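Q: This is the structure I have questions about; it appears just below.
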Protein chains: 2
Amino acid sequence: MSEKIYVGVDVGGTAIKVGICNADGQLLHTYEGPTEASKGTDTILQNIAKYAKQIVVESDFEWEQVDGVGVGIAGFLDIPNGIVKFAPNLKIENVNLKGYLEQELNKTVKVNNDANVAALGEAWGGAGKGIAHCVCYTLGTGVGGGIIIDGKIVEGYAGMAGELGHMAIVPDLEAIQCGCGKMGCLETVSSATGIIRMAKDAVERGDRTTLSQVEDIMAKDVLDAAKAGDEVAIRIVSRAAYYLGKSLAMMAIVLNPQYFIIGGGVSKAGDFLFDQIREVFEKYTQDQAKEGVKIVAATLGNNAGVVGAAGLILRG
Amino acid sequence: MSEKIYVGVDVGGTAIKVGICNADGQLLHTYEGPTEASKGTDTILQNIAKYAKQIVVESDFEWEQVDGVGVGIAGFLDIPNGIVKFAPNLKIENVNLKGYLEQELNKTVKVNNDANVAALGEAWGGAGKGIAHCVCYTLGTGVGGGIIIDGKIVEGYAGMAGELGHMAIVPDLEAIQCGCGKMGCLETVSSATGIIRMAKDAVERGDRTTLSQVEDIMAKDVLDAAKAGDEVAIRIVSRAAYYLGKSLAMMAIVLNPQYFIIGGGVSKAGDFLFDQIREVFEKYTQDQAKEGVKIVAATLGNNAGVVGAAGLILRG
């Protein structure tokens, strides 16, 4: 029989991205269509199935070659049963996504959350290719996470594992409340939102910073100002890097991964940010737990989701 | 063929404990002999082999029923190859323990470190029986740890996973240096050693406490004084419980285990300690990550090591 292929679907609030991977995690084709979330659950489900078929039709592959279809989606899931319990940005509630798609597509379907899937994408076909043990951070609006042990996603007892952004890592004295309701989560300081908040606080406090001239501060403004030598911005970025580095140090001693893979918008600051994370990591990690361990940048960008979704079939 | 049995060996500095388990992790027999560490590596190795044979001879089982022999040992190990790189308390260096025993016993042999093995013992045949995802803490001289996912020990890239006592969890402002050389490790506050240190510091500082009348303060003295209402002791115990609880909260969101199993001498303080840990855990853990999650006491005591060592054959 001819080569097997793996279809990955990344369901976002506005667009559904679909990709075809080979067994090595290489992305061969992509396709994108509107989610049409406003039209309701049925339309969303139909679109997922339609685009998954469409990408294969448009490719040189036959439908028979499809070994399975993986889906990444943001929300609370019953992972083993592929049920979306609640996806706030899609307004989907208690939908058996796996059941619907298996009937519609007549293929094995696996469903997992967007952060786990992005981590698997990087571990399977991106920066962690060939590396069995990876811990992945995505520094975006929040801090997403995913843990790969022996090449597979760690889901935990109730599918809640890997939520690295909600480690209560900031000490009480300087902690603020996170969107999740708890105090001192990593994402209150190390996400784009956290960086923007610290910058706005500084401006409001009247700290002397070039950021006070920026109309609507974005995380990139803060990172650029820090690179340009603005002391307030430097302090903010080093705080974000400090708690990230401490979190990596804890993960090193708890899980001893070979690679830490860091992606997301904030990570585009590059070595300026990575060097600070590495310095903190170095300081707080025992020698045996950091020997041979690397902190690397994610390489797949926005494609991590479709690659990881496709990877669910072999590695989920 | 008759029932298979599993032999576990727990190599300590003064005694070698051996046990026979059935496939359910039930401990059927135990045997103990001197390590004779002062006589050197050869004698230690011969004793391990001798006691492993001896326990089967003394039991109603036949040697043919032995499916394998597992060994737990404190030190730096090359786990996949069963090599003891360095065991400080036994003065063993670069010994192929697995190779020696497989030749000597003509059975499959697996080797792992004492903390991982104790965790597996509790997860397989103790407090976590039937539970696939467990995180275990042993509060003794140090804080040992072990992580069980899908019923198996998480070893990590270089066998360093599960060292929960060395999470850098104490904030810099109040951190002291750990025996490992790093600052702020959990075991600087939540081990027996940490509790004793905080008590001695309080006495030296002249704090008003009944502990100032105790000649040689042990952790139990501090726990007993706290239970009796001594405010200084209460403060010390609640600090130990606080960082433990925070560490559990982080593990809950990172690994989402179903059970946290806490053992070791300090854990004998019972609900007085556990209630405080639970309160902190409750405060810092997101609802979804604590739903159905239990914090329970270890049940095997000193037998966790032999049971877990025997468990290496099926679960290692």
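What follows is calculated from the coordinates using simple rules that are stated; it is not laboratory data. Because the structure is predicted, anything quoted here is derived from the model rather than measured. Every residue, glycine as well, gets a Cβ built from its backbone with ideal geometry; the counts of neighbours run over all protein chains shown.
Q: List the number of the failed condition for A:Val135; all other conditions in (1) closer than 25 Å to A:Val84 by Cβ; (2) of a type outside the set (S, T, N, Q); (3) in contact (Cβ under 8 Å) with a residue 40 or more places away in the chain; (4) part of a strand (DSSP E or B) hold.
A: With respect to (1) closer than 25 Å to A:Val84 by Cβ; (2) of a type outside the set (S, T, N, Q); (3) in contact (Cβ under 8 Å) with a residue 40 or more places away in the chain; (4) part of a strand (DSSP E or B), A:Val135 is out only on (1).
Q: Continuing with this model, one more query. Would you tally the residues in the stretch B:163-177 being facing chain A (nearest Cβ under 7 Å) and not hydrophobic (A, V, I, L, M, F, W, C)?
A: Here is the first cut: in the stretch B:163-177, the residues facing chain A (nearest Cβ under 7 Å) are B:163-164, B:166-168, B:171.
This time we only want the ones that are not hydrophobic (A, V, I, L, M, F, W, C), so: B:163, B:166, B:171.
So the answer is 3.
Q: Could you list, in sequence order, the residues of the stretch B:251-278 that are polar (S, T, N, Q) and without any contact (Cβ under 8 Å) to a residue 40 or more places away in the chain?
A: Taking the stretch B:251-278 first, the residues polar (S, T, N, Q) are B:256, B:258, B:267, B:276.
The answer is B:Gln276, and nothing else.
Q: Would you confirm whether any residue within the stretch A:85-108 is over 17 Å from A:Gln46 (Cβ atoms) and part of a helix (DSSP H, G or I)?
A: No, the conditions are met nowhere in the stretch A:85-108.
Q: Given the condition surrounded by 16 or more Cβ atoms within 10 Å (Cβ to Cβ), over 21 Å from B:Lys283 (Cβ atoms) and among the small types (Gly, Ala, Ser), answer yes or no: does some residue in the stretch A:162-175 qualify?
A: Among the residues of the stretch A:162-175, at least one is surrounded by 16 or more Cβ atoms within 10 Å (Cβ to Cβ), over 21 Å from B:Lys283 (Cβ atoms) and among the small types (Gly, Ala, Ser), which makes the answer yes.
Q: Regarding the stretch A:252-259, can at least one residue be identified that is within 14 Å of chain B (Cβ to nearest Cβ) and assigned to a strand (DSSP E or B)? Break it down stepwise before answering.
A: Our first condition is that a residue be within 14 Å of chain B (Cβ to nearest Cβ); within the stretch A:252-259, this holds for A:252-259.
Going one step further and asking which of them are assigned to a strand (DSSP E or B), we end up with A:259.
Checking the stretch A:252-259: at least one residue is within 14 Å of chain B (Cβ to nearest Cβ) and assigned to a strand (DSSP E or B).
Q: While we're looking at this one, here's another question. Could you identify the single residue in A:Gly263, A:Gly270, A:Gly245 that is over 23 Å from B:Asp172 (Cβ atoms) and out of contact with any Cys (no Cβ under 9 Å at 6 or more places or on another chain)?
A: On the way: A:Gly263 fails: out of contact with any Cys (no Cβ under 9 Å at 6 or more places or on another chain); A:Gly245 fails: over 23 Å from B:Asp172 (Cβ atoms).
Result: A:Gly270 is the single residue among A:Gly263, A:Gly270, A:Gly245 that is over 23 Å from B:Asp172 (Cβ atoms) and out of contact with any Cys (no Cβ under 9 Å at 6 or more places or on another chain).
Q: Can you confirm whether A:Arg235 is of a type in the set (Lys, Arg), out of contact with any Leu (no Cβ under 8 Å at 6 or more places or on another chain), away from chain B (no Cβ under 14 Å) and under 20 Å from A:Cys134 (Cβ atoms)? Don't jump to the end; show me each part of the working.
A: Values: of a type in the set (Lys, Arg): yes; out of contact with any Leu (no Cβ under 8 Å at 6 or more places or on another chain): yes; away from chain B (no Cβ under 14 Å): yes; under 20 Å from A:Cys134 (Cβ atoms): no.
No.
Q: Of the residues that make up the stretch A:34-54, is at least one of a type outside the set (Gly, Ala, Ser) and more than 19 Å from A:Gly13 (Cα to Cα)? Working first, answer last.
A: Our first condition is that a residue be of a type outside the set (Gly, Ala, Ser); within the stretch A:34-54, this holds for A:34-36, A:39, A:41-48, A:50-51, A:53-54.
Cutting the leftovers down to more than 19 Å from A:Gly13 (Cα to Cα) gives us A:53-54.
Within the stretch A:34-54 (the criterion being of a type outside the set (Gly, Ala, Ser) and more than 19 Å from A:Gly13 (Cα to Cα)), the answer is yes, since at least one residue qualifies.
Q: Against the definition (more than 20 Å from A:Ala289 (Cβ to Cβ) and in contact (Cβ under 8 Å) with a residue 24 or more places away in the chain), how does B:Val143 come out, yes or no?
A: Details: more than 20 Å from A:Ala289 (Cβ to Cβ): no; in contact (Cβ under 8 Å) with a residue 24 or more places away in the chain: yes.
The answer is no for B:Val143.
Q: So, B:Thr193, is that one of a type outside the set (Lys, Arg), touching an Asp or Glu at 6+ places or on another chain (Cβ under 6 Å) and surrounded by 14 or more Cβ atoms within 10 Å (Cβ to Cβ) or not? Show your work before the answer.
A: On the way: of a type outside the set (Lys, Arg): yes; touching an Asp or Glu at 6+ places or on another chain (Cβ under 6 Å): no; surrounded by 14 or more Cβ atoms within 10 Å (Cβ to Cβ): yes.
So B:Thr193 does not fit the description; no.
Q: Which members of the stretch A:283-299 meet the condition of being surrounded by fewer than 22 Cβ atoms within 10 Å (Cβ to Cβ) and either free of Cβ contacts under 8 Å to residues at least 12 places away in the same chain or under 18 Å from the mean Cα position of the chain (by Cα) (or both)?
A: A:Asp287, A:Gln288, A:Glu291, A:Ile295, A:Val296, A:Ala297, A:Thr299
Q: Scan (1) within 14 Å of chain A (Cβ to nearest Cβ); (2) closer than 27 Å to A:Val154 by Cβ; (3) within 19 Å of the chain's Cα centre (by Cα) for the single condition B:Val189 breaks and write down its number.
A: It is condition (2) that B:Val189 fails.
Q: Let me ask something else. Only one residue in A:Ile131, A:Ile153, A:Ile149 is within 25 Å of A:Ala52 (Cβ to Cβ) and β-branched (Val, Ile, Thr). Which one?
A: Values: A:Ile131 fails: within 25 Å of A:Ala52 (Cβ to Cβ); A:Ile149 fails: within 25 Å of A:Ala52 (Cβ to Cβ).
After applying the criteria, what remains is A:Ile153.
Q: Scan the stretch A:299-308 and give yes if some residue there is within 14 Å of another protein chain (Cβ to nearest Cβ), of a type outside the set (S, T, N, Q) and assigned to a helix (DSSP H, G or I), otherwise no. It would help to see each step written out before you state the result.
A: As a first pass, look at the stretch A:299-308 and keep what is within 14 Å of another protein chain (Cβ to nearest Cβ): none.
No, that holds for no residue.
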